[in-house]
Amino acid sequence: MPPILHYSQPHTDRDLPCAAFALQDDPLAAGRVIHFHEAQQGFVTGSSVSVGANLLIEDFPWVELGIVEAGELRLQGDGFDLQLSAGDCFVVPRGVRVRWHHRGQLRRLFMAFPGLQACSDMPAMPIKIDLGRTLAPSNPPAASVLLTPAPRAWSETLFSVANLRIGLWQCEGYTRKQVEPSYSELMFILDGAVTLTAQGGDRHCVRAGETVVVPKGATNAWVSEEIVRKVFCILA
């Protein structure tokens, strides 16, 4: 069974695996550490620490979600100029021409998708996710898995290509039983906290400001006692 990866705070307390894998022709290889590689779905997740960069990437080689943990990053290109700092979340599409610039140390988390092929509906420029935007009501978790009354939920997809969806989700507290997910998901918790219990009994209490990656097949139970708001990145 694949592991649940909890990017807890402070970052110095993390105990994460290192995958024996490297992204080919990676323009951001300096400081990148891959913690998990899923060959069948074609994604990697990990962390990066780099000091100073001013790179012109002519053809960004894959879709990549980034979460800035410390430092500042500027992404510039035709029609966009994004200023990113600690706590910000962004997505760079495949094929974009982008100048990647930062001074001093930049620490970030990432989920990259080299398995996603170029396609006609690929977005044309990076996006900075508006973490505070108002969300529309959405369906709660399925009644068949809930152990408490159905909560109210809200969500919005902000980036979508092929079988990848990235967006925001918010939900009242609830408890659900063990479920084996049919997709892989990164969750960046913005508000609230959730406890995920793996099938083997390992518990991960993920709080606001922390990130967790639940790969496809990583059976887990969910308990939240308050409203949880998160960035989601789902690869079906």
- Note on the structure: When 90, 21, 113 are arranged by how many other beta-carbons sit within 10 Å of their Cβ, fewest first, they go 21, 90, 113
- Work out, in µm²/s and without decimals, the Stokes-Einstein translational diffusion coefficient of the chain at 10 °C, 1.306 mPa s, Rh from Kirkwood over C-alpha pairs. 87
- Percent of Cα-Cα pairs per 5 Å bin, from 0 to the last occupied bin, for the range 96-184, please list those. 2, 9, 14, 18, 18, 16, 11, 7, 4, 1, 0
- Message: Can you give me the orientation-averaged projected area of the convex hull built on the Cα atoms of the range 9-128, in nm²?
- Response: 7.4
- Note on the structure: Note, residue 102: beta-carbon cut-off 12 Å, +1 each Lys/Arg, -1 each Asp/Glu, net +4
- Evaluated at 10 °C and 1.306 mPa s, the Stokes-Einstein D of the range 136-235 based on the Kirkwood radius over Cα pairs, in µm²/s, stands at 116
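Using the beta-carbon distance between residue 119 and residue 146 and R0 = 41 Å, what value does 1/(1 + (r/R0)^6) give for FRET efficiency, to the nearest 0.05?
0.70
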- Applying the Karplus parametrisation 6.51 cos²θ - 1.76 cosθ + 1.60 with θ = phi - 60° to the phi angles of the range 224-236, what ³J(HN,Hα) value in whole Hz is obtained for each residue in order, glycine and proline being reported as x? 9, 10, 8, 5, 10, 10, 8, 7, 10, 9, 10, 10, 7
- Message: Using a 7 Å offset from the Cα along the Cα-to-Cβ direction at both residue 58 and residue 105, what is the distance between the two label points in nm, to one decimal?
- Response: 3.4
- Quick one: putting +1 on the C-beta of Lys and Arg, -1 on the C-beta of Asp and Glu, what dipole do you get for the range 55-127 around its Cα centre, in Debye to the nearest 20? 200
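Readers should treat all values here as calculations from the given coordinates under stated rules, not as data from a laboratory. Everything numeric in this text was worked out from a predicted model, so none of it was measured. Backbone-built Cβ (ideal geometry, glycine too); neighbour counts: all protein chains shown.
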